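Read-outs throughout are calculated quantities, based only on the coordinates presented, and are distinct from any laboratory measurement. In this text, all values refer to a predicted model and were calculated from it rather than measured experimentally. Heads up, the Cβs are rebuilt from the backbone with ideal geometry, glycines too, and the neighbour counts pull from every protein chain shown.
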Amino acid sequence: MRKSGKLRHEQTLALIAGYEAIGLSSDRCCKFLKDMECRLSRSKALSKGQRKFLDDLIDQGVPQLKNQARVDEILVAAKVDGMQREAASTLSDFAFKVGKGWSLSEKQEKFLATLLVKAEDLRLNGRFRPSPEVTKQLEIARELCKAKNDWYWQNRPGTAKAHRKVSDWLDWSYKTAAQEEITEFNGRELELADEPHIDEWACEKMLNAVKKALEELRNPRHLESSMCWHRIPSGTSQCVLIAGPPVVRRGTITYPCLADGKLMEIGTDHLKKRR
């Protein structure tokens, strides 16, 4: 019986879904199915050999997995909120290897066990998110980091990694909040991006990189209404009045100051208590 292209396409899609559901998306047969589905979706003709192999796979159906219980355990862990990064590659790869009956190395077994423990912790306690107070500190820390040059980041790979993690999460947080406001305003449901991974280590690393500056913002070196000296590049000093609390501008802590009847912002490095 000759099979129509539409029926073959529908059966191919269903079989691909079956392979992916049991963690065999990396199997060579699944890759072949995806290639054929792409051709069928574009109404491209299949060769006689391609049609035969495709129909044979469809007749065979979803393959029987080995180590089914362990594969299920890995796939359940991959679906836990907060495991998206690991699920996309590492866990799916482990599920594929275990399902094919392949042995994992001692190092892989140890890594898999670590991921399963992490997934269980996330399932019970939820994913880590910084508190609103810490989030504000991270926003200030990111602004302070703008003053750091390439040499700084190249010689501090751990801090650079933490900076990327925190920045990605903050950007996602702002965008998500804006999308939620738009949805509430016009009633249209918008698709939100997946939440980037952030952890306590990255937050602490980021805040530690600018801890002296954060401490100065909490406990200003120059109090409002106090007098201090502004060191001018020419080498002279000018007496100024501190007109308010310190703020961050272009990655630098500055103080609003009154000098000769004019209000200006002066960086903390250019202000001295003594002449």
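Some observations on this one:
- From A162, A177, residue being under 19 Å from the mean Cα position of the chain (by Cα) and farther than 14 Å from I198 by Cα: A177
- Extreme residue, surrounded by the most Cβ atoms within 10 Å (Cβ to Cβ), among residues of the stretch 86-145 that are in a loop (DSSP other than H, G, I, E, B) and either without any contact (Cβ under 8 Å) to a residue 12 or more places away in the chain or of a type in the set (A, V, I, L, M, F, W, C) (or both): F128
- Any helices (runs of 4 or more DSSP H) falling wholly within the stretch 1-62 and containing at least 3 residues that are within 38 Å of the chain's Cα centre (by Cα) and of a type in the set (G, A, S): 5-21
- For the stretch 85-110, the candidate set comprises residues that are out of contact with any Ser or Thr (no Cβ under 8 Å at 6 or more places or on another chain) and among the hydrophobic types (A, V, I, L, M, F, W, C); within that set, the residue that is farthest from Y174 (Cα to Cα) is W102.
- Selection from the stretch 23-67 of residues that are touching a residue at least 24 places away in the same chain (Cβ under 8 Å) and under 21 Å from Q108 (Cβ atoms): G23, L24, S25, S26, D27, L65, K66, N67
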